[in-house]
């Protein structure tokens with residue numbers, strides 16, 4: 001926790017430096033790596049969760065970077081349950097069309113998944129404070145939402161983590 | 001005599017039209033209010049009951065129920081059925097945006113004198129059919145308008161406000177907060193109009209569903225402000241019943257007989273408040 005806080009502070013001072021000495025340093029990280037653990041659950045009826053990942057910034061519309069759902073059902077039937085990822089649905093999903101290019105993905109099995117987003121994908125071109133939000137909703141199961149604040153420009157290395165209790169395991173982010 | 005007649009008249013109206021009587025609450029309960037998908041349906045249960053939202057008294061008659069798509073076109077009510085305690089029907093939500101499903105009744109209440117006796121206007125009397133409903137020789141015709149609106153909103157995708165253009169009749173809701181964008185812990189604001197103008201000082205009653213399994217009604221009593229708005233703070237997620245009515249006219253001090261015949265209007269909706 002302390003480490004994260006320090007890295008955020010460093011990121012802040014770096015950010016200031018970058019603004020003062022534009023153009024930005026060539027070594028600035030341009031990619032966020034996200035590690036998401038979907039827990040193994042001992043339940044009689046298990047369906048892989050729908051997972052939405054989006055970016056929030058005060059004063060700006062939320063930007064969805066990934067939505068994992070049953071995208072390959074006939075007649076697009078899997079979209080019926082998208083609204084169950086309810087905070088994401090309100091923040092971003094309800095104004096989108098599906099499948100969404102570059103955002104729609106298949107549901108993932110329990111385990112740890114690594115994905116990467118460019119700064120452009122995250123919609124984080126402007127320097128400032130952002131929050132990466134991860135929400136999972138499982139058919140005949142529960143729902144959980146995690147928030148990981150980050151700042152751009154970012155410093156390379158680990159930048160934040162959050163631990164879910166029910167529908168999500170550990171989620172962490174780093175920059176490279 | 002006259003008193004009894006008028007009481008009977010109001011009781012009948014309350015039960016069969018949309019006016020909420022003291023103990024009976026009229027409601028429509030949609031299967032969902034926030035929807036996604038490409039082939040979207042909503043099923044609605046409709047009843048008149050004491051407890052919300054349990055069908056245990058009378059079904060809501062579906063004769064006046066209509067649905068409107070976000071583009072304003074009328075949509076069909078499908079798979080209608082009326083059972084002992086409730087009615088049910090489906091609406092195929094073929095457009096994205098906010099839909100309205102409503103049962104609206106515009107009536108005339110009142111009485112007339114014939115052969116020395118006072119008779120009440122039959123149920124179903126409207127401004128349009130008053131002349132033909134009145135028997136020849138009727139005198140001293142007294143009427144007052146009653147507009148009752150029971151409506152719900154459901155949204156596919158992003159909420160829209162195309163259906164909120166007021167008709168200028170009865171009590172209507174104008175969203176400040178969209179009725180399909182409600183979350184526990186947040187405050188929603190709605191404006192109510194009476195005959196197209198801000199309805200100031202009207203009582204607003206909000207009751208959370210699930211009454212059967214708790215001791216306290218949990219009723220929230222509010223009043224519209226000068227601009228017709230009311231702010232509601234949702235204590236918890238769930239389905240809520242909301243009712244706005246014009247207050248009952250009170251009889252003058254010392255005057256006997258029935259309360260003066262006054263223009264009445266009521267509004268009922270069911271609102272879904274999502275978990276944060």
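Things to note:
- Pairwise FRET efficiency - residue B:227 versus residue B:127, Cβ, R0 = 41 Å, nearest 0.05: 0.90
- Compared with the alpha-carbon gap, the fully stretched path from residue B:165 to residue B:95 is longer by 23.4 nm at 0.36 nm per residue.
- Compactness of segment B:23-98 as Cα Rg over 2.2 N^0.38 Å, two decimals: 1.15
- Relative contact order (%) - segment B:82-199, alpha-carbon pairs under 8 angstrom, separation at least six: 25
- Distance from the alpha carbon centroid of segment A:47-91 to that of segment B:111-169 works out to 46 angstrom.
- Between segment B:185-254 and segment A:92-153, the Cα center-to-center distance that results, in Å: 39
- Convex hull projection area averaged over all views, segment A:2-175, Cα basis, nm²: 10.5
- Relative contact order computed over chain B (Cα-Cα under 8 Å; 6+ residues apart), in percent: 18
- Modelled FRET efficiency - R0 25 Å, residue A:37 with residue A:101, Cβ distances, 0.05 increments: 0.40
- Ordering B:239, A:73 by the number of other Cβ atoms within 10 Å of each residue's own Cβ, fewest first, gives A:73, B:239.
- Global size of segment A:124-174 as Cα Rg and Dmax, reported in angstrom: 13.0, 40
- With a Förster radius of 56 Å applied to the C-beta separation of residue B:236 and residue B:141, the computed FRET efficiency comes to 0.70.
- From helices alone, chain B scores -2000 deg cm²/dmol at 222 nm; the rule is -39500 (n - 2.57) for each run of n ≥ 4 DSSP H residues, then divide by the residue total.
- Kirkwood hydrodynamic radius of segment B:114-207, from the reciprocal of the average inverse Cα-Cα distance over all distinct pairs: 16.9 Å.
- Taking all Cα pairs closer than 8 Å and separated by 6 or more residues, the relative contact order of segment A:2-175 comes to 33 percent.
- Square roots of 5 times each gyration tensor eigenvalue, C-alpha, segment A:72-176, largest first, Å: 25, 17, 13
- Separation of the residue B:184 and residue B:51 label points, Cα + 7 Å toward Cβ, nm: 2.0
- For the protein assembly as shown, dividing the convex hull volume of the Cα atoms by the residue count gives 195 Å³ per residue.
- Placing pseudo-labels 7 Å out from each Cα toward the beta carbon at residue A:45 and residue B:216 gives an inter-label distance of 3.6 nm.
- The label-point distance for residue B:248 and residue A:58, in a model that sets each label 7 Å from Cα toward Cβ, rounds to 5.2 nm.
- Footprinting exposure proxy ranking of A:42, B:80, A:155, B:223, fewest other C-beta atoms within 10 angstrom first, gives A:42, B:223, B:80, A:155.
- Between helix B:2-16 and chain B there is an angle of about 20 degrees, using the helix long axis and the longest principal axis of the Cα atoms.
- The residues A:95, B:111, when put in order of fewest to most other Cβ atoms within 10 Å, stand as A:95, B:111.
- For chain B, the ratio of Cα radius of gyration to the globular rule of thumb 2.2 N^0.38 Å stands at 1.04.
Throughout, read-outs are computed from the coordinates displayed, never taken from laboratory work. Quantities reported herein were computed from a predicted structural model and do not represent experimental measurements. A quick note on method: Cβ atoms are made from the backbone with ideal geometry, for glycine too, and the neighbour counts reach across all protein chains shown.
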